[in-house]
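Each value in this text was obtained by applying a stated rule to the coordinates, not by laboratory testing. The structure displayed is predicted, hence computed values, not measured ones. For neighbour counting, all protein chains shown are included, and Cβ atoms are generated from backbone atoms with ideal geometry for every residue, glycine included.
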Amino acid sequence: MPDLASACRLALAECLAVRAGDKVLIVTDTDLQPLGEAFFRAARELGAEAAAITMLPRDNHGQEPPEMVAAAMLKGQVVVLVTSRSLSHTRARRAANDAGARIASLPGATADMLERTLAVDYDAMAAECEDYAAILTGGQEVHLTTPAGTDLTFSIAGRRGHPDTGLYRRPGDFGNLPAGEAYIAPVEGTARGILVIDGAMSGIGFLKEPLRIRVEEGRAVEVSGGEARALEEILNRYGPESRNIAELGIGLNPLAKLTGNVLEDEKVRGTVHIALGDNSTFGGRVEAPSHLDGILLRPRLSVDGRQVL
C-alpha cells in the first residue's frame with residue numbers, strides 16, 4: 001500500500017496526467033488543509049507550476065465556493081478540489097471544466113482512504129465503468145429493490161450515463177478520487193416508491209438504523225427512522241429542490257469499503273447510491289445548493305426489465 005506522498009503523486013501523474021510545466025491549482029479548506037498541502041508538494045515534485053488556495057469550509061455539499069476561488073479555478077489546467085464539503089455539483093466546477101480544466105474532486109478525503117483506494121487497475125475499472133454507463137444511457141425504466149425495503153421506480157429515458165473512471169487526462173474531464181462508479185440523472189418527477197438507505201448518508205455518515213424515504217413525483221416527501229430529523233433539517237434548510245431524486249449511481253471500485261465517508265462509500269463495488277438535490281451538473285434540470293448521497297446495500301437493479309446488478 002502506498003504512503004500518502006506516493007498516493008498523491010499517483011493521483012496527479014496517472015489519473016490527471018500532470019506533466020512538468022502544467023498549471024496545477026489545489027483548492028482546499030481549513031478542515032483538509034494538511035491533505036491539500038500534500039497534493040501541493042506532489043505537484044511541485046512533478047515540476048508543475050503549482051499553486052494552492054485555502055478557503056473556509058462550506059456549510060453543505062454543493063454550496064458554491066467564494067467568487068475569488070471560482071475565478072482562480074478558471075485559470076488552471078488541472079484543478080484538485082481537496083475540500084471537506086463537495087464542490088463537484090457547483091457552477092464554479094462546471095465553469096472551470098468548460099474552460100478546459102481537468103478536475104478531480106476529493107470531498108472529505110482522508111489519508112487512509114487515498115492510500116488504500118487509489119492503487120487500482122484503472123484500465124480494468126474504467127472498462128467496467130464505461131460498460132455500466134452505456135447500459136444506463138440505453139435504458140428507459142429503472143426498478144431498484146433491496147432486502148431493507150427499497151422499492152423504487154423511475155425513468156432515465158433520454159439521459160446519458162456517466163463513467164467515473166479515475167482517468168481525467170483530457171481538457172474538460174472531471175470526476176472523483178477515489179473513483180469507480182457509473183451514474184445518471186433520473187428524469188425529474190418520475191421517481192416513486194420507497195427508498196431505504198441502510199449504508200451511509202452524506203451529512204450524517206454511518207447509519208445505525210435505516211432511513212426510510214417515501215418518494216412521490218420525483219421528490220422525497222416523507223423521511224422516517226434512524227437519523228430522520230437530521231436529514232429533514234438539511235432538506236428544509238435548502239428548500240424543495242433539495243428533495244429531488246437526483247442521481248442513480250453504481251459502485252465499482254474493488255478497493256473501496258464502507259467507512260461512513262460517502263466519498264468512498266458510494267464507490268464500494270456491489271452497492272448503489274441514490275442522491276437527493278442538485279443534478280444540473282450531469283444532465284439533470286434541478287439546481288440546488290445541496291447534493292446528498294445515500295448508500296444502499298445488497299441492491300437488485302433492473303433496467304428495462306433486465307437485471308444488471
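In this Cβ point-charge picture (+1 for Lys and Arg, -1 for Asp and Glu), the chain has a dipole of about 280 debye about its Cα centre. Which whole-number percentage describes the relative contact order of the chain, with Cα contacts under 8 Å and a sequence gap of 6 or more? Here the relative contact order equals 16 percent. Taking the C-alpha atoms only, the angle from helix 33-45 to the longest principal axis of the chain is near 50 degrees. Counting only DSSP beta bridges with both residues in the chain, tell me the antiparallel percent, nearest 5. Here the share of antiparallel DSSP bridges comes out near 70 percent. Placing unit charges on the Cβ atoms of the charged side chains and taking the dipole of the range 4-117 about its Cα centre, the candidate lying farthest along the positive direction among L35, P107, A48 is A48. Between the listed residues G283, L296, L309, the Cα displaced farthest toward the positive end of the dipole of the range 263-309, a dipole computed from Cβ unit charges relative to the Cα centre, is found at L309. Between the listed residues G203, G172, S6, the Cα displaced farthest toward the positive end of the dipole of the chain, a dipole computed from Cβ unit charges relative to the Cα centre, is found at G172. Above 22 Å, the calculated P(r) of the range 122-307 contains 40 percent of its Cα-Cα pairs.
For the chain, the longest principal axis of the C-alpha atoms and the axis of helix 228-238 are separated by about 70°. Using a simple spin-label model with pseudo-atoms 7 Å out from Cα toward Cβ, A134 and R160 lie 1.6 nm apart. Each part gets one Cα centre, and for the range 115-178 versus the range 252-278 those centres are 11 Å apart. Highest mean packing first, where packing is the average number of other Cβ atoms within 10 Å per residue, the peptides 83-95, 261-273 line up as 261-273, 83-95.
Ranked by how many other Cβ atoms sit within 10 Å of their own Cβ, fewest first, the residues I184, I197 fall in the order I184, I197. Rounded to the nearest 20, the Cβ-based charge dipole of the range 1-102 about its Cα centre (Lys and Arg +1, Asp and Glu -1) stands at 240 debye. Rounded to the nearest 20 debye, the dipole magnitude of the range 22-178 is 520 debye, with +1 charges on Lys and Arg beta carbons, -1 on Asp and Glu beta carbons, and the Cα centre as origin. So what is the relative contact order for the range 4-117, in percent, with contacts set as C-alpha pairs under 8 Å and at least six apart? This gives 29 percent for the range 4-117. Build a GNM of the chain with springs between Cα atoms under 10 Å: which of G189, G294, G249 gets the top mean-square fluctuation? Residue with maximal mean-square fluctuation among G189, G294, G249: G189.
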